[in-house]
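Visitor: First, the structure itself, so that you have it in front of you.
The values are calculated or read from the model by the stated rules, or taken from the named source; none is laboratory data. Please read these numbers as outputs of a predicted model, since none were measured by experiment. All Cβ positions, even for glycine, are placed from backbone atoms using ideal geometry, and neighbour counts span all protein chains on display. SASA here: full protein model, heavy atoms, side chains in, ligands and nucleic acids out. Shrake-Rupley method; radii C 1.70, N 1.55, O 1.52, S 1.80 Å.
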Amino acid sequence: RRAARTLAATAVASSAAAVSALCSTTRDASASPCRESSRLVMVHVIFRHGARTPVFTALPQIAELNWSRCSTGRCADFQLALESSSHVVLNGRPISPTPVRPHELKDPTSRAPQPPPDIFSQWEHKLGGTCRGGQLTDLGCEQAYSLGLRLRDAYVGRIPGVGSAWDERTMRVRSTVVPRCVASAQFALRGLFPDQDEDKPIPMGMLSFDEESLFPNSRRSERLQEILAAGRKSWIDKPSPEASACARHLRSVLDDQTCAALQVDKCNFIRVRDILVSLVAHDMVIPDCLAPALPSLDLVDRLATEQIVRMMSGGGGPGGTSTDLSPEAHRHSLGLFFEEVLADVGRRVRGETQEAFKLYSAHDTTLLPLLMLLGVFTGPHAVWPGFSSCLAIELHELKPLGRNESPGNAQTASEYGVRVMYEFEDITARVPGCPEHGLCPLPEFRKAVRECLPSSHLEEGDEHPGAKESLVAGGGMSQF
């Protein structure tokens, strides 16, 4: 094994030099110099749903506002996927969602799992106007459609097998079993493939909440539940000085009922943020009874980010009360998903699959932990992902001039490189261990995230974390 590691290290060093020689860094996804020396052969795109109404609707002052930006046709009954008649008007033109056929991810012939009760509860909460709790608004539909247009410009026609029409041989789409995510995927698909046949719904894979790996899911791991609980307790017992001061201010100006609804005593700025972001996104005025009390969105955003990082660290991290447990938390949450991504990449490298374009419609609590896992959620870059934020993991095959082969003909992973795009900006150089310029050699990229993957702590024959653990209630952080 020691000899194998030495050989692997040598391969990594030589591939790093090769990749750096072939590519220079770029900020523009559509004008990369890598086009001349490498070929994009696969991309995984993970995005957050579009703008929605608040999921925390316990405050009457918020629930009674006129939430009117939800088309009436999309509010009558609970539905996992939208009908094509549920259009929005964009620049005077109706845009309809792409028809989809939700199915169980592991068995395309089976119907999609049902959403859990808390998702139904959000929907049943009628707000003032035409909207429901946690519902994708018309603005959110527009954001998802615009994201689809940008993805079309960035990737359609650039990847072998990814053309202007949906192709089940090379493309996949997956969503959590949450209506706002499904609808966001439908509008993103409309932007990507505007001429998709209405009579040919696109298959969309989903997992039950008990199995889902697209958010930190304590339903599938008792250990993750313990880490998140320790993180919550650490934040409640020892919030940052700025969070403590802000909570004291809120308690001094808000009545007891409002403080209880916002969990001010627990310094829960995630709830305050949820409300403020929804109001600001939809250009709504904060109610007079709350306006003098609520801090600025920038401050709330920063405090909520500190809170969720502390939770994902099990109480560790900046200002924490214990050892940083975030690598272990990732192994029991988004590390499971990211290992699936790398397995897809491996199959593509070996020429075992035609799949080249994979979409995942999920949550901010998908993207934020993924950015932490990649090591790029630090300093000024530690910013809560906004509506329709997008992370792309690109696989490039190194292609010296004159070579024109299909993916899989290159025999080793060292002949491939990875580019990480966030919000259509190249952030590869910020991944620890990746070069300052150009693509990250695939072996180095795997090494950079290895500590956060379940397989990194398994002996041969062991099961993944969570496989032996009983399912527990409590949810994790899927509600966003």
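Visitor: Restricting the search to the stretch 140-161, which residues are aliphatic (A, V, I, L, M) and more than 19 Å from the chain's Cα centre (by Cα)? Don't jump to the end; show me each part of the working.
Guide: If we filter the stretch 140-161 for residues that are aliphatic (A, V, I, L, M), which is where we start, we get 144, 147, 149, 151, 154, 156, 159.
Scanning the stretch 140-161 gives Val156, Ile159.
Visitor: Can I ask one more? One residue is enough: does the stretch 190-202 have a residue meeting the conditions buried (at least 16 other Cβ atoms within 10 Å of the Cβ), under 18 Å from Ala362 (Cα atoms), over 20 Å from the mean Cα position of the chain (by Cα) and not hydroxyl-bearing (Ser, Thr, Tyr)? Give the steps one after another, and end with the answer.
Guide: Taking the stretch 190-202 first, the residues buried (at least 16 other Cβ atoms within 10 Å of the Cβ) are 190-193, 196, 201-202.
Restricting the remaining residues to those that are under 18 Å from Ala362 (Cα atoms) gives 190-192, 202.
This time we only want the ones that are over 20 Å from the mean Cα position of the chain (by Cα), so: 202.
This time we only want the ones that are not hydroxyl-bearing (Ser, Thr, Tyr), so: 202.
Yes; the residues of the stretch 190-202 include at least one that is buried (at least 16 other Cβ atoms within 10 Å of the Cβ), under 18 Å from Ala362 (Cα atoms), over 20 Å from the mean Cα position of the chain (by Cα) and not hydroxyl-bearing (Ser, Thr, Tyr).
Visitor: Is it the case, given these coordinates, that Glu198 is without any contact (Cβ under 8 Å) to a residue 12 or more places away in the chain and farther than 30 Å from Leu398 by Cβ? Before you say what the answer is, go through the steps one by one.
Guide: On the way: without any contact (Cβ under 8 Å) to a residue 12 or more places away in the chain: no; farther than 30 Å from Leu398 by Cβ: yes.
Here the answer is no, as Glu198 does not meet what is asked.
Visitor: Mind checking which residues of the stretch 410-427 are at pLDDT 95 or above and assigned to a loop (DSSP other than H, G, I, E, B)?
Guide: Glu423, Phe424, Ile427
Visitor: Right, something else. Could you tell me how many of the residues in the stretch 416-446 are surrounded by fewer than 18 Cβ atoms within 10 Å (Cβ to Cβ) and under 19 Å from Glu340 (Cα atoms)? Before you say what the answer is, go through the steps one by one.
Guide: Here is the first cut: in the stretch 416-446, the ones surrounded by fewer than 18 Cβ atoms within 10 Å (Cβ to Cβ) are 423-425, 429, 432-433, 436-437.
Narrowing further to those that are under 19 Å from Glu340 (Cα atoms): none.
Total satisfying the criteria: 0.
Visitor: Still on this structure, please answer the following. When you go through Asp274, Asp255, Asp301 one by one, which is the residue that is free of Cβ contacts under 8 Å to residues at least 60 places away in the same chain and not aliphatic (A, V, I, L, M)?
Guide: Working: Asp274 fails: free of Cβ contacts under 8 Å to residues at least 60 places away in the same chain; Asp301 fails: free of Cβ contacts under 8 Å to residues at least 60 places away in the same chain.
Going through Asp274, Asp255, Asp301 in turn, just one is free of Cβ contacts under 8 Å to residues at least 60 places away in the same chain and not aliphatic (A, V, I, L, M): Asp255.
Visitor: A follow-up question, please. Please go through (1) free of Cβ contacts under 8 Å to residues at least 60 places away in the same chain; (2) closer than 22 Å to Ile119 by Cβ; (3) over 23 Å from the mean Cα position of the chain (by Cα) for Ala261 and return the number of the only condition it doesn't satisfy.
Guide: (1)
Visitor: While we're looking at this one, here's another question. Among the residues of the stretch 212-258, what is the count of those that are within 25 Å of the chain's Cα centre (by Cα) and open to solvent by 20 Å² or more (accessible area, probe 1.4 Å)? Steps first, please.
Guide: Let us first name the residues in the stretch 212-258 that are within 25 Å of the chain's Cα centre (by Cα), namely 212-232, 235.
With open to solvent by 20 Å² or more (accessible area, probe 1.4 Å) added as a condition, the list becomes 219-220, 222-223, 225-226, 229-230, 232.
Summing the residues that are within 25 Å of the chain's Cα centre (by Cα) and open to solvent by 20 Å² or more (accessible area, probe 1.4 Å) in the stretch 212-258 gives 9.
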